[in-house]
1. Within the range 315-343, which residues are among the aliphatic types (A, V, I, L, M) and crowded, with 24+ Cβ neighbours inside 10 Å?
2. Is it the case, given these coordinates, that V337 is over 12 Å from the mean Cα position of the chain (by Cα) and outside any loop (DSSP other than H, G, I, E, B)?
3. Within the range 296-334, take every residue that is under 23 Å from L249 (Cβ atoms), more than 11 Å from the chain's Cα centre (by Cα) and not aromatic (F, W, Y) and give me the one that is modelled with the highest pLDDT.
4. Could you list, in sequence order, all residues of the range 275-305 that are farther than 17 Å from S91 by Cβ and of a type in the set (V, I, T)?
5. Output the residue which, of all residues in the range 449-473 that are in a loop (DSSP other than H, G, I, E, B) and over 20 Å from G306 (Cβ atoms), is modelled with the lowest pLDDT.
6. For the condition within 26 Å of A170 (Cα to Cα), buried (at least 24 other Cβ atoms within 10 Å of the Cβ) and not aromatic (F, W, Y), what is the one hit in K94, K111?
7. Of all residues in the range 386-417 being in contact (Cβ under 8 Å) with a residue 60 or more places away in the chain, assigned to a helix (DSSP H, G or I) and of a type in the set (A, V, I, L, M), which is surrounded by the most Cβ atoms within 10 Å (Cβ to Cβ)?
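The values are calculated or read from the model by the stated rules, or taken from the named source; none is laboratory data. Just so you know, these numbers come straight off a predicted model, no measurement behind them. All Cβ positions, even for glycine, are placed from backbone atoms using ideal geometry, and neighbour counts span all protein chains on display.
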Amino acid sequence: MSFKLFGTLPGRQIAVRVGIFLLFVTTCAAQEGIPAKIDEYINLEMQKQRIPGLSIAVIKAGEIALAKGYGTANVEHQVPVKPETIFQSGSVGKQFTATAAMILVEEGKIKLDDRINKYFTDAPESWKDITVRHLLTHTSGMTGYPRDFDFRRDYTEDELLKRAALIPLAFQPGEKWSYSNLGYLTLGVLISKVTGKFYGDFIQERIFKPLDMKTARIISEADIVPNRAAGYRLVNGELKNQEWVSPTLNTTGDGALYLTAIDMAKWDAALYGEKVLKKSTLEQMWTAVKLNNGQTHPYGFGWRLGEARGRRIVDHGGAWQGFTSYIRRYVDDKLTVVVFSNLARANLENIARSIAWIYNPELGPLSVKVIEDNEPKVTAMVKELLQNLTLGTADSNLFVPELRNQLFSEAARPAHTFFKSLGTVGLVELVERNEEGGSRLLRYRVTFKERILFCRIRLTKEDKIAEFQLQPE
């Protein structure tokens, strides 16, 4: 099962794998004129998404090929975005939490298969089988922040842990994969307990300073932070300031950092060497987690895993307090794109992917051919489903229970907002069909009102949907 939705409320990291096909993106082969093409694309995309400000870095083999700011960092004071503009990380910060944990693993101070009640002696009985590895891979059974969580209250680390401990596990550790901000919050507290230092101080000493990431740091509303951007959100089409949360909730391990595109370029360069971790440790972080049933899920330690056109990709996105962030590393091509914006729910994954296509058209989508459709009733069902998703009236009973719970949960609300933005469904054309283990894998090219996407669906023997993806390639 794989629905490409990663997110929990209130939304440190929500990203739906979707994209817009732009002809100039897929046809620009020459390196000459690339910055102008990127400017043209980004300006159009910012207008379409109503993004106030955006910063990008394109890094090739650890060297900055392009770093540039667009738009406005602070709308009220009309401050322009620069490469040095500081944005909030959202869940892009999880890769630094994971790295801090792996530093301690390399030093023998913790073990991946240690049960966390070794470090939290008053942990509830339900946590007895949760390991450090489970926290890193979102397989602990922990959830996101509950609906009644008070984000305007200051908490101590112990109070946060006690609050998390009251929430029943969604499943037994290792049984499933489900994105969990509370799991990474717990991991940050664990790091503090093992090191005797505040989690933010530890990553500053062991990651940011050694890599000369001069402006990377834990969020602080109180400190004077030069070049800090303001975060925004759209409310009924009107731009509003970010929502306020208490200071302590901007210091946790699930994604509470200040970063710039320049900081991230230095981070990317370090991932090619062993300045922070051994290469073998990094490869472990970029290996798909294995569940109790032997199946894998495309997530490592603080990184999502995937491929495009046979190229290996590690990536992650983030969203928090009126900011969005995204890093996409084409490992085989040694090409990385980093994007920050100061608008909640901006689709940065599509922007990063399109920038990569401009730099290297071989990373873009393959041309596809429509094949003979011997199951027109299934295609009609898919078209009706997609249209109902845009209307918010989709039948949840079409899906297997696990996917149903994920797609129709409270955490999927941002995905539903995206579906509504797609508009009327036009052509639905079959481009791929395969049978595997009794199930059928179907891939369609779908023409919506303003864009073309590919819909990948896997049907069980009982014609229930066991996999659902919308993607640009």
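1. A319, I327, V337, V338, V339, L343
2. yes
3. Among those residues, the one meeting the criterion is G322.
4. V276, T281, T287, T296
5. Out of the qualifying residues, it is E450.
6. It is K94.
7. Per the stated criteria, the residue is A415.
A quick yes/no check of all residues on (1) assigned to a loop (DSSP other than H, G, I, E, B); (2) modelled with pLDDT of 95 or more; (3) polar (S, T, N, Q):
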{"position": "H134", "(1), (2), (3)": "no, yes, no"}
{"position": "S140", "(1), (2), (3)": "yes, yes, yes"}
{"position": "D148", "(1), (2), (3)": "yes, no, no"}
{"position": "G174", "(1), (2), (3)": "yes, yes, no"}
